[in-house]
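Report on one structure; see the data block that follows.
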Amino acid sequence: MLVVALTGGIGSGKSTVSQLFGALGTPIIDTDIIARQLVAPGSAALGEITNQFGPTILSADGSLDRAKLRQIIFQNAEKKAQLESILHPLIRKEVARQLSELTAPYCIIVIPLLIESNQQGISNRILVVDTPESAQLARVTLRDNQTENEISAIMSAQASRDQRLAAANEVIHNDGSLEELKQQVAGLHQKYLAYSQAS
Ligand code: ADP
């Protein structure tokens, strides 16, 4: 099966694009969703994170305080590596499990930090959602409860547009309407179906 990795910066439109592919019948494996499920209350991964980061990483209801964790790893590369060494192998294993159950001509794996975490080898093709920074900022401000400064800090810690574009096999330009996005997805869907038959 042809495997397409979908990536892009915060607020670039990855979730929106993956929903559009999903609506065309393409199976979607979303590593963000997997990461969230892996740290559900009672999970082994959450136990390990609590061991390594201390019980203050939990909210009052026993769930992971994601905002707090984000803040810690944002300021501390060592802690970030520690967290990744717990989560990444588990995410890889779950991606492989989900892949093994698919029979479609091609599938999409959403990997927000594909470039940053050097995982380019995981897929046959890399699809980048490219969005002007001003649009990312405006859309995330509307979507999330975060300030422009916080969002800008996240954006500057992520790969640049140029770095992503350099790794891309295909690019979706998300600087227009949702209708235009839909048309680009429809075009790529045909392309990937054709590639999957050729491979
Ligand atoms: P990501 O998953 O990359 O963080 P999302 O798909 O959640 O990004 O998009 C960020 C926000 O912008 C969402 O609220 C989404 O509905 C909105 N959005 C994405 N693309 C467009 C577009 N072309 N026009 C208007 N709003 C958009």
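What the table shows:
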{"item": "Verdict on V95 being within 16 Å of the ligand (Cβ to nearest atom) and in contact (Cβ under 8 Å) with a residue 24 or more places away in the chain", "result": "no"}
{"item": "Any pair with Cβ under 6 angstrom, 6 or more apart, that starts in the range 27-43 at a residue that is in a strand (DSSP E or B) and ends at one that is buried (at least 18 other Cβ atoms within 10 Å of the Cβ)", "result": "I28/S18; I28/I108; I29/V95; I29/I109; D30/V110"}
{"item": "Residue within the range 68-81 that is in contact with a Ser or Thr (Cβ under 9 Å, 6 or more places away or on another chain) and not β-branched (V, I, T) present", "result": "yes"}
{"item": "Test: residue in the range 23-32 that is within 12 Å of the ligand (Cβ to nearest atom) and modelled with pLDDT under 95", "result": "yes"}
{"item": "Test for G11: is it in a loop (DSSP other than H, G, I, E, B) and either within 17 Å of Q119 (Cα to Cα) or touching a Lys or Arg at 6+ places or on another chain (Cβ under 7 Å) (or both)", "result": "yes"}
{"item": "Subset of the range 1-52 (residues that are of a type outside the set (A, V, I, L, M) and under 17 Å from P89 (Cα atoms))", "result": "D30, T31, D32, R36, Q37, S43, G47, E48, Q52"}
{"item": "Qualifying residue in the range 185-192 (condition: within 15 Å of the ligand (Cβ to nearest atom), in the same structural domain as V128 (by TED's automatic domain parsing) and out of contact with any Phe, Trp or Tyr (no Cβ under 9 Å at 6 or more places or on another chain))", "result": "yes"}
{"item": "Checking L165 against (1) surrounded by 16 or more Cβ atoms within 10 Å (Cβ to Cβ); (2) in contact with a strand residue (DSSP E or B) (Cβ under 7 Å, 6 or more places away or on another chain); (3) without any contact (Cβ under 8 Å) to a residue 60 or more places away in the chain, the condition it does not meet", "result": "(1)"}
{"item": "Leading residue by the ranking (most open to solvent (accessible area, probe 1.4 Å)) among those in the range 175-191 that are in contact with a Ser or Thr (Cβ under 8 Å, 6 or more places away or on another chain) and assigned to a helix (DSSP H, G or I)", "result": "L178"}
{"item": "Residues of the range 107-135 that turn out to be polar (S, T, N, Q) and in contact (Cβ under 8 Å) with a residue 40 or more places away in the chain, as a count", "result": "5"}
{"item": "Candidate set: the range 101-122, residues that are more than 16 Å from Q163 (Cα to Cα) and under 14 Å from the mean Cα position of the chain (by Cα); chosen: the one surrounded by the most Cβ atoms within 10 Å (Cβ to Cβ)", "result": "I108"}
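The values are calculated or read from the model by the stated rules, or taken from the named source; none is laboratory data. Remember, predicted model here, so these are calculated numbers, not experimental data. Cβ: placed from backbone, ideal geometry, glycine included. Neighbour counts: every protein chain shown. All accessible areas refer to the heavy atoms of the entire protein, side chains included, with ligands and DNA or RNA removed. Shrake-Rupley method; radii C 1.70, N 1.55, O 1.52, S 1.80 Å.
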